[in-house]
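To start, the structure itself, in structure tokens.
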Amino acid sequence: MDSIWYCEQTNMFSLLCPHKLKRFEKDHEFNNYKNKEYIYFEEDAAHKIYLIAKGKVKVGYYDDNGNEIIKSILSKGELFGEKAILGEDKRTEFAQSVDGTTAICPIGVETMHDLMRTNKAFSMKIYKFLGMRIKKMERRLQLLLFKDTKTRLIEFLEELKEDYGYCCPNTGLTMVKHPYTQKDIASLIATSRPTLNILLNELQESNKLSFKRNHIVFQ
């Protein structure tokens, strides 16, 4: 419940995608996006939620000085734009593809409300998901406000280990194959790439881990 990076354990795509439901199948299609293509902007009408079928999506906003603030980077199976379920009329953030082969499954808010009205168990899962996401954002804000950069990185790496880690049968070490670039990680923990590289090298030199692109081995 303290995970803050949106590495959801539940594959929301497999749970929600309307093409799996007969009565919505005929009206359903996937939308494909190129790298850096926007799915929606701040102030756009909020009448859909979105599920990621393939690729990655960055969600964030711009501050008063025009600086980009990254809230999350989501991958296959995850959901975004979910505040529309709760009555948001206009977007307060942007969503942008950060993968050249991103495929999105859109769901109309009315369709979503219909599903929730007619299936109590489904409705409870959605509300539980929304509650967990709010708690994660609160936890992330606490870390960004009160923890130093190295602590934020270490806690992020622990989250990666929990969500993507597995034990290597040959060495017994914990290995992680994750979907983030170093630029993604730097954005999520609110630091620069040079600072991130320095901290990762320090951890590697102290034999706590070794890393290469999207692979990490914990010692």
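Only one of the numbered conditions (1) exposed (fewer than 15 other Cβ atoms within 10 Å of the Cβ); (2) more than 18 Å from residue 126 (Cα to Cα); (3) modelled with pLDDT of 85 or more; (4) not aromatic (Phe, Trp, Tyr) is violated by residue 86, and that is (2). Every condition in (1) over 16 Å from the mean Cα position of the chain (by Cα); (2) surrounded by 15 or more Cβ atoms within 10 Å (Cβ to Cβ) is met by residue 120 except one, and the failing one is (2).
For region 58-76, a residue qualifies if it is out of contact with any Ser or Thr (no Cβ under 6 Å at 6 or more places or on another chain) and within 21 Å of residue 179 (Cα to Cα), and the qualifying residues are 58, 60, 68, 69, 71, 72, 73, 74, 75, 76. Pairing each residue of region 153-171 that is on the phi < 0 side of the Ramachandran plot and not assigned by TED's automatic domain parsing to the domain that holds residue 139 with any residue that is basic (Lys, Arg) and surrounded by fewer than 16 Cβ atoms within 10 Å (Cβ to Cβ), provided the two are 6+ apart or on different chains, yields C-beta distances under 8 Å for 155/147; 164/177. Among the residues here, residue 51 qualifies as touching a Cys at 6+ places or on another chain (Cβ under 7 Å), part of a strand (DSSP E or B), buried (at least 19 other Cβ atoms within 10 Å of the Cβ) and at pLDDT 85 or above.
Restricting attention to region 65-91, the residues that are out of contact with any strand residue (DSSP E or B) (no Cβ under 7 Å at 6 or more places or on another chain) and among the polar types (S, T, N, Q) total 2. Scanning for something closer than 17 Å to residue 184 by Cα, free of Cβ contacts under 8 Å to residues at least 40 places away in the same chain, surrounded by fewer than 16 Cβ atoms within 10 Å (Cβ to Cβ) and not aliphatic (A, V, I, L, M), does region 54-64 turn up at least one residue? Yes, because at least one residue in region 54-64 is closer than 17 Å to residue 184 by Cα, free of Cβ contacts under 8 Å to residues at least 40 places away in the same chain, surrounded by fewer than 16 Cβ atoms within 10 Å (Cβ to Cβ) and not aliphatic (A, V, I, L, M).
The values are calculated or read from the model by the stated rules, or taken from the named source; none is laboratory data. Owing to the predicted nature of the structure, the values given are computational and were not obtained by experimental measurement. Note: ideal-geometry Cβ built from the backbone for every residue, glycine included; neighbour counts use all protein chains shown.
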